[in-house]
1. Determine, from the Cβ-Cβ distance of A97 and E140 and an R0 of 45 Å, the FRET efficiency 1/(1 + (r/R0)^6), rounded to the nearest 0.05.
2. Under a Cβ-only charge scheme (Lys and Arg +1, Asp and Glu -1), can you give me the dipole magnitude of the range 24-144 about the Cα centre, in debye to the nearest 20?
3. Which loop-located GluC sites (Glu not before Pro) does the range 53-96 contain, where loop means any DSSP state but H, G, I, E or B and the Cβ has at most 16 other Cβ atoms within 10 Å?
4. So how much slack lies between M85 and E32, counting 0.36 nm per residue of separation and subtracting their Cα-Cα distance, in nm?
5. Taking the range 24-144, how many lysine pairs are there with alpha carbons less than 20 Å apart, if each pair must be eight or more places apart or span two chains?
6. If you take the Cα Rg of the range 24-144 and divide it by 2.2 N^0.38 Å, with N the number of residues, what do you get?
Amino acid sequence: MKTIKSILLGSLFALTSTVNAHDYKVGELHIEHPWSKQVPPTSQVAAAFFNVVSHSNKGDELLSATSPIAGKTELHTHFHENGMMKMREVEKIDIPAHGSQALKPGGYHIMFFKLNEVPKLGEKFPLTLTFKHAGTIDLEVTVEEATYVPEGMKEEKMDHSQH
């Protein structure tokens with residue numbers, strides 16, 4: 001009986017660790033499910049998405065991102081121009097006090113250019129985020145299928161031609 005309890009507790013702990021392993025905390029910020037879409041093996045660009053939740057009384061700002069998979073990493077947003085979704089670099093991404101900021105397809109995101117390596121489906125790659133108040137956090141981004149869109153996130157067509 002003791003062995004069964006040990007196995008069940010161990011399994012529960014492993015499941016809990018796996019579920020929480022894809023969420024990260026830095027200061028009063030909680031980073032939820034960082035992910036990237038699978039891109040073709042010859043791609044020179046990729047993007048990362050996640051949700052940032054603030055439990056702080058004051059807002060914060062995402063100031064930069066870096067990853068060894070890319071020669072260049074930028075903070076980006078999308079905007080409509082002449083009926084087309086386009087993207088552009090932004091200096092920062094605001095995180096509201098006691099609120100959240102979604103980095104998602106069709107909105108804010110992290111853009112990787114000049115890929116040194118193209119991560120494959122199911123693989124993870126490192127990403128370092130720097131916030132104005134919370135500081136720096138290292139996390140892992142999981143590569144999901146190109147058709148993957150988390151609950152509540154809608155994707156729109158975008159124009160990558162400017163890069």
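1. E between A97 and E140, to the nearest 0.05, is 0.95.
2. Numbers: 12 positive and 14 negative charges, 35 e Å.
So the magnitude is around 160 debye.
3. E91
4. Values: separation 53, 0.36 × 53 = 19.08 nm, distance 2.54 nm.
My answer for the length gained is 16.5 nm.
5. Pairs that pass both the separation and distance tests number 26.
6. With N residues counted in the range 24-144, Rg over 2.2 N^0.38 Å equals 1.03.
Laboratory data are not the source of any read-out in this text; all were calculated from the coordinates shown. Keep in mind that this is a model prediction, so the values were computed, not measured. Neighbour counts are summed over all protein chains in view; Cβ atoms, including those assigned to glycine, are modelled from backbone coordinates with ideal geometry.
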